[in-house]
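Structure, as structure tokens:
The values are calculated or read from the model by the stated rules, or taken from the named source; none is laboratory data. It should be emphasised that the depicted structure is a prediction, and the values quoted were computed from it without experimental measurement. All Cβ positions, even for glycine, are placed from backbone atoms using ideal geometry, and neighbour counts span all protein chains on display. Areas reflect the complete protein model, heavy atoms only, side chains present, ligands, DNA and RNA absent. Shrake-Rupley method; radii C 1.70, N 1.55, O 1.52, S 1.80 Å.
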Amino acid sequence: SSEENIDIRDVFLKTLTASEADGYYTDEGSAMDSVGNNYSNNFTTLGTTGVLGNGTSYATFYLGGRYNYLFGKLAVNNSSWDEHTASFSIYCDDNEVYNTGEVSKQFAPTDISVNIENCQWLKIMVNNFAGSDWEYINFILSDFYFSKSNEDLQTQTLSENSNNVKDTYLNIKNKLMI
């Protein structure tokens, strides 16, 4: 029944406190990605403006093995420099489980789903590559959440809606047969 799966999200990344962080920000306003999508409320940013544009930004969170999956949308902030590149990575207990490879501002927003089963310590990291003074890439982490279920919220919502449509159809069909 749909009541069993009302909220499969266990916790949003934004609500966790990082045990260590550099260049990680929990934002309250809004942000625009490099293709014009706006994000508000439930997003964070990760990036750096290090010396000569080189550097690493990161945030580490203790999960204690409580979650099995990480879902979210990853995008590049429109304020990022046009000519600069960076990579975004996710590590579970020092093992890389996700990496964008080297990307630029021309990075399309991407839905991610990462298996983090038994992960004690999760680290998200941006590696900025060489550029001129103070160039940077900032990533938007929108609606990143941890779940015990491998079914993301959008799929779950569609499934629940499909069941509701099916139930409505069957109810109408039964009434017409009377």
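Okay, here's what the table says:
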quantity: Pick from the stretch 130-154, criterion open to solvent by 70 Å² or more (accessible area, probe 1.4 Å) and at pLDDT below 75, ranking: farthest from the chain's Cα centre (by Cα); calculated: D133
quantity: Scan of the stretch 28-44 for residues that are at pLDDT 80 or above and in a loop (DSSP other than H, G, I, E, B), ordered by number; calculated: S34, V35, G36, N37
quantity: Complete set of residues in the stretch 8-22 that are surrounded by 15 or more Cβ atoms within 10 Å (Cβ to Cβ) and not in a strand (DSSP E or B); calculated: I8, L13, K14, L16, A18
quantity: Single residue of the stretch 61-83 satisfying the filter (in a strand (DSSP E or B) and not hydrophobic (A, V, I, L, M, F, W, C)) that is farthest from V126 (Cα to Cα); calculated: Y69
quantity: Filter pass, A108 being in a strand (DSSP E or B) and either closer than 15 Å to L141 by Cα or among the aliphatic types (A, V, I, L, M) (or both); calculated: no
quantity: Single residue of Y58, Y98, Y25 found to be modelled with pLDDT of 95 or more, open to solvent by 30 Å² or more (accessible area, probe 1.4 Å), part of a strand (DSSP E or B) and not β-branched (V, I, T); calculated: Y98
